Amino acid sequence: MKINIINEGTKYGLICGLTAVLVMFGSWAAGLNTFTSVQFYSTFIPYMIIIILLGGFQLRKQNEGFLSFAESLKFNFMAYVVAAIIIAVATYLLYNIIDKELTVKSGQIALEKTRAFMEKMGSKEEDIEKALASSAESMKETGIKKILLGTGIGLIWDFCKAMLMALVIKKERKFED
């Protein structure tokens, strides 16, 4: 039986996207400091990679133990696209409808943490002020344009990850002469 790669990618994309939304809204409900910390650290925790890899291996198993690079890439990237759309919508809702002051409030905490880090590293005061001024300018609002740009750039990075993961998941059929 032939597996529907798009449906499976959509399913695992939903799992990844809903997990990210749960983490985002859960950390927001826990408080501003928790929210900013979780948003920072969640970029380094590869939970989506793990979920998609497990799904890819399961897909390969269901496909008689074989999955081409192209099929694997299609599955991986579809999962990332679905997750990105869910996350973009949830981000817009959180920052623009539910908590309109979140961008400013979380930006202030991020600037304070940046200042503390730069002081700890021994940066000059003028360098700190310059870095904080440029960061503060970008933290004024989280509008649809900024969310779409971030999602687009994120999808480029996600495609690169999807290609690497496809190399891990793929198992081609060997043809004998």
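In region 46-55, what residues are loosely packed, with under 15 Cβ neighbours inside 10 Å and either closer than 17 Å to residue 160 by Cα or touching a helix residue (DSSP H, G or I) at 6+ places or on another chain (Cβ under 8 Å) (or both)? Answer for region 46-55, where residues must be loosely packed, with under 15 Cβ neighbours inside 10 Å and either closer than 17 Å to residue 160 by Cα or touching a helix residue (DSSP H, G or I) at 6+ places or on another chain (Cβ under 8 Å) (or both): 46, 47, 50. Of the set (1) under 21 Å from residue 16 (Cβ atoms); (2) touching a residue at least 60 places away in the same chain (Cβ under 8 Å), all apply to residue 50 but (2). Name the residue that is nearest to the chain's Cα centre (by Cα), counting only residues in region 1-31 that are closer than 15 Å to residue 94 by Cα and aliphatic (A, V, I, L, M). Per the criteria, the residue is 20. Only one of the numbered conditions (1) of a type in the set (Gly, Ala, Ser); (2) under 25 Å from residue 12 (Cα atoms); (3) over 24 Å from the mean Cα position of the chain (by Cα) is violated by residue 70, and that is (3).
Whether a residue is surrounded by 14 or more Cβ atoms within 10 Å (Cβ to Cβ), of a type in the set (Gly, Ala, Ser), on the phi < 0 side of the Ramachandran plot and out of contact with any helix residue (DSSP H, G or I) (no Cβ under 8 Å at 6 or more places or on another chain) was assessed, and residue 68 passes this test.
Evaluated against (1) of a type outside the set (A, V, I, L, M); (2) free of Cβ contacts under 8 Å to residues at least 24 places away in the same chain; (3) assigned to a helix (DSSP H, G or I), residue 64 falls short on exactly one condition, (3). Against the test of being of a type in the set (A, V, I, L, M, F, W, C) and farther than 27 Å from residue 12 by Cβ, the options 97, 147, 153 yield a single qualifying residue, 97. The condition (being charged (D, E, K, R) and within 15 Å of the chain's Cα centre (by Cα)) is satisfied by just one residue among 158, 127: 158.
Quick grid of which residues meet (1) among the small types (Gly, Ala, Ser); (2) at pLDDT 80 or above; (3) closer than 27 Å to residue 29 by Cβ:
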position: 106; (1), (2), (3): yes, yes, yes
position: 114; (1), (2), (3): no, no, yes
position: 160; (1), (2), (3): no, yes, no
position: 175; (1), (2), (3): no, no, no
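Considering the conditions (1) touching a Ser or Thr at 6+ places or on another chain (Cβ under 7 Å); (2) in contact (Cβ under 8 Å) with a residue 12 or more places away in the chain, residue 34 is excluded by exactly one of them, (2).
Residues in region 1-14 that are surrounded by fewer than 19 Cβ atoms within 10 Å (Cβ to Cβ) and in a helix (DSSP H, G or I): 6, 7, 10, 11, 14. Taken together, 128, 153 contain a single residue that is without any contact (Cβ under 8 Å) to a residue 60 or more places away in the chain, assigned to a helix (DSSP H, G or I), more than 27 Å from residue 21 (Cβ to Cβ) and of a type in the set (Val, Ile, Thr), which is 128.
The values are calculated or read from the model by the stated rules, or taken from the named source; none is laboratory data. These numbers come from a predicted model, not from an experiment. Neighbour counts run over all protein chains shown; Cβ positions are idealised from the backbone, glycine included.
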